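Read-outs: derived from the displayed coordinates by stated rules, not from any lab. Note that this is a predicted model, so its numbers are computed, not measured. So basically every Cβ, Gly included, is an ideal-geometry build from the backbone, and we count neighbours across all protein chains shown.
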Amino acid sequence: MLPQEPKIITAGCQVVEKAFVNKGGKLSDFKELYLRCSIQDYYIKFCESKASLKKMKKYIDKGLTVTYELKEGEWDICKGDAEMQSRIGTYAVVLKIKKSKSKGPKVKGEFDGFNQL
């Protein structure tokens, strides 16, 4: 198998907090952060990310523009960790974040649907 090109994306997303679900399907009190981009939520693997958990918590339920890489693999295992069972699948590695700005004034001459008829 040949290695795949990195899948790096810059998009408007939201940081959401979800309760950890164990392999038996039980919810716990432990919360994890995910990137909600369009209709998909991606687990954020912080040990590979350039943004810290502390920094990302500031953006919970807020919009931001984020550059991230999608990877396939073990969510819970980081380099240097002891061998253990892990969840596997697609996850996000946050490379850069930029808080989204609120909509400012319209550009002169921009059609607003009402005033330029």
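Loop only per DSSP, at most 13 neighbouring Cβ atoms within 10 Å: give me the trypsin sites (Lys or Arg not before Pro) in the range 1-83, ordered by residue number. Listed in order of number, the matching sites are Lys23, Lys26, Lys50, Lys58, Lys62, Lys79. I want the local charge near Glu48. Using Cβ-Cβ distances under 10 Å, sum +1 for each Lys or Arg and -1 for each Asp or Glu among the other residues. Residues near Glu48 contribute +3 overall.
Whole-Hz Karplus values for the range 60-71 come out as 4, 6, 10, x, 7, 9, 9, 9, 9, 10, 8, 10 Hz, taken residue by residue from phi with 6.51 cos²θ - 1.76 cosθ + 1.60 and θ = phi - 60°; glycine and proline positions read x. Taking a sphere under 13 Å around the Cβ of Glu69 and counting the other residues whose Cβ falls inside, with K and R at +1 and D and E at -1, yields a net charge of +2. Taking the number of Cβ atoms within 10 Å of each Cβ as an exposure proxy, the fewest-first ranking of Phe20, Phe30, Phe46 is Phe30, Phe20, Phe46.
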